[in-house]
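The values are calculated or read from the model by the stated rules, or taken from the named source; none is laboratory data. Since this is a predicted model, take the numbers as computed values, not measurements. All Cβ positions, glycine included, derive from the backbone under ideal geometry; neighbour counts span all protein chains shown.
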């Protein structure tokens, strides 16, 4: 199997958050890889990864980082692939990471999701892949339909609650 998505995190301490992305990709049968690379501790490895990801078949990169959160931007600087940044909540409730990832200079975009928003990062990556793959698009549609059904069921359950002054 050739991975289509690469999940990169600055440290394995980010794994509890990034596991949501990995599980979603796995559930939708999207081949992916997951690695720990640090923009500060292994800069040469990060640059090599970013420069070679496209030739390995990677289509989208999800990069997670906390604190100074340079990893997504450093990767984006060395590739033309889309990079989705996941700010990790650590110091300053993750606001430092969010701002570091979102404030990229012109020409080096990083799509940024919410703090600890790994699941949305994976969904966004799959939406990108679905643009050119009808099979992935079908699986994504089933997932989205499931979200709709979940809310419809929750609303039905609310209707069943009987209280004296409840009007619906």
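Only one residue in 75, 34, 62, 2 is closer than 22 Å to residue 132 by Cα and touching a strand residue (DSSP E or B) at 6+ places or on another chain (Cβ under 8 Å). Which one?
62
Sort out which residues of segment 103-116 are touching a helix residue (DSSP H, G or I) at 6+ places or on another chain (Cβ under 6 Å) and part of a strand (DSSP E or B), and write them in order of number.
Passing the criteria: only 112.
Determine, yes or no, whether residue 29 is surrounded by fewer than 18 Cβ atoms within 10 Å (Cβ to Cβ) and touching a helix residue (DSSP H, G or I) at 6+ places or on another chain (Cβ under 8 Å).
For residue 29, the condition - surrounded by fewer than 18 Cβ atoms within 10 Å (Cβ to Cβ) and touching a helix residue (DSSP H, G or I) at 6+ places or on another chain (Cβ under 8 Å) - is met.
Can you list residue pairs whose Cβ atoms sit under 7 Å apart, with the first residue in segment 142-168 being on the phi > 0 side of the Ramachandran plot and the second being surrounded by 10 or more Cβ atoms within 10 Å (Cβ to Cβ) and modelled with pLDDT of 95 or more? Count only pairs 6 or more apart in sequence or on different chains.
Close Cβ pairs (under 7 Å, with a partner that is surrounded by 10 or more Cβ atoms within 10 Å (Cβ to Cβ) and modelled with pLDDT of 95 or more) do not exist here.
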